[in-house]
Amino acid sequence: MSVILIIEDDPAILENAIETLKLGGYDVLSAENGLDGVEMARTHLPDLIVSDIAMPRLDGFGTLLALRNDPNTLQIPFIFLTARVDRAAMRSGMELGADDYLTKPFTPNELLAAVASRLDRQKTLAADYRKQLTDLRGNILYVLPHELRTPLSTILGYSELILNENAGMSKEDLVDNVKMIHQGGIRLHRMIENFLIYAQIEIYRVDLERLAKLRALNTRKPKPLIESWVEDEANTVNRAMDLVLDLEECEKIAITPENLQKIVRELTSNALKFSKPGTPISVGGSIADDSYLITIHDQGRGMTEEQVASIGPYMQFERKLQEQQGSGLGLTIAQGLSTLHGGLLEIESAPGEGTLVTVTLPLAAL
């Protein structure tokens, strides 16, 4: 039986809500202010919370913020009760993580319908999460051993060759072997770096204080930086001539230089990896309203709608048919970093027609 916590300072509304939910077959907990509600939520971990906004001691916004800052209560669905139809207030609540609003006065059927809808939604999300976790475990078991072994085999194999044959090896052969070792080291370093960044993204998502500090940082004059990162990636695979650059300058983007660089490099690397030499890689940058848009367009293999929708860590599409190096974290990391900074990553793709990735990042205040 689902447990519902009601936080409401009006005794009549609280009593009616408790009675309605009990008749609906729910176990009900109650609190008359936000501070008591937060304590009760942390103690009992209800399946859903229904809270008034205007309350003494701690209002509904403060209650929701406290619960979203606690990893134990972060995922509990939250419905606001409000007599206000103020759009600004509703937007504030949604930005804090509210799942729904119910306007007072409400009927018993409206309350029961809102609660049932949120609980059903939570069950669906939980089922999706379990499936994603199962898929993630399977992909880790398949991908990770290969990704670790491949660069290590390169490093160990060529270093052993040098050790065993260094006396009779020409300088040219020695340099070539050292280059292969270096390339294996770079690949291994990048893979480990991606795993660490992915872990950091997950930490920031549940640490709102750290996230707020991160979003206060910015990158000044990004145009030459983006161009240099794109050119570096193209030069590593001898495709500088395939680049088509068209970037507008702006004063500041609300993202750290390190994270902006990671997004640009990963997306450019993907575009180069999944398109043929001689086909163009177009990189654009433009200001639109209060955002800066970065676009990276290739004419490569492309993806189906299902593949785009299933983008996640360790996912590699058609790997058995199209052997490609990499753990599949690039798009996931670019998407995660964009979201952390209040931005958005969108993908338009079709098999055989290429892929267009658009990253929208907020402009920083001057």
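The values are calculated or read from the model by the stated rules, or taken from the named source; none is laboratory data. Values in this document were obtained by computation on a predicted structure and should not be read as measured data. Ideal geometry is used to build each Cβ from the backbone, glycine not excepted, and the neighbour counts take in all protein chains shown.
Considering only residues in segment 17-72 that are among the acidic types (D, E) and assigned to a helix (DSSP H, G or I), the one that is surrounded by the most Cβ atoms within 10 Å (Cβ to Cβ) turns out to be D36.
The single residue among A89, A114 that is among the aliphatic types (A, V, I, L, M), surrounded by 15 or more Cβ atoms within 10 Å (Cβ to Cβ), touching a strand residue (DSSP E or B) at 6+ places or on another chain (Cβ under 8 Å) and at pLDDT 85 or above turns out to be A114. So is I13 closer than 20 Å to A114 by Cα, of a type in the set (A, V, I, L, M, F, W, C) and out of contact with any Phe, Trp or Tyr (no Cβ under 6 Å at 6 or more places or on another chain) or not? Yes: the conditions hold for I13. Can you find a residue that is assigned by TED's automatic domain parsing to the domain that holds E227, assigned to a loop (DSSP other than H, G, I, E, B), modelled with pLDDT of 90 or more and over 24 Å from D242 (Cβ atoms) anywhere in segment 317-329? Within segment 317-329 (the criterion being assigned by TED's automatic domain parsing to the domain that holds E227, assigned to a loop (DSSP other than H, G, I, E, B), modelled with pLDDT of 90 or more and over 24 Å from D242 (Cβ atoms)), the answer is no, since none of the residues qualifies.
Just one of the listed residues (T236, T219) is modelled with pLDDT of 95 or more, polar (S, T, N, Q) and over 30 Å from D70 (Cβ atoms), and it is T219.
If you go through segment 251-295 and pick out every residue that is surrounded by fewer than 20 Cβ atoms within 10 Å (Cβ to Cβ), of a type in the set (A, V, I, L, M, F, W, C) and modelled with pLDDT of 95 or more, you end up with 2.
A quick yes/no check of all residues on (1) outside any loop (DSSP other than H, G, I, E, B); (2) in contact with a helix residue (DSSP H, G or I) (Cβ under 9 Å, 6 or more places away or on another chain); (3) more than 17 Å from Q335 (Cα to Cα):
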| position | (1), (2), (3) |
| --- | --- |
| I162 | yes, yes, yes |
| G185 | yes, yes, yes |
| E193 | yes, yes, no |
| I197 | yes, yes, no |
| I201 | yes, yes, no |
| Y204 | yes, yes, no |
| L211 | yes, yes, no |
| K223 | yes, no, yes |
| E227 | yes, no, yes |
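Taking segment 330-350, which residues are assigned to a strand (DSSP E or B), surrounded by 15 or more Cβ atoms within 10 Å (Cβ to Cβ) and small (G, A, S)? Result: S349, single match. If I filter segment 210-222 for residues that are within 28 Å of I287 (Cα to Cα), free of Cβ contacts under 8 Å to residues at least 40 places away in the same chain and over 21 Å from the mean Cα position of the chain (by Cα), do I get at least one hit? Within segment 210-222, one or more residues are within 28 Å of I287 (Cα to Cα), free of Cβ contacts under 8 Å to residues at least 40 places away in the same chain and over 21 Å from the mean Cα position of the chain (by Cα).
Since I255 meets every condition but one in (1) in contact with an Asp or Glu (Cβ under 9 Å, 6 or more places away or on another chain); (2) at negative phi, which condition does it not meet? Here I255 meets the rest and fails (1).
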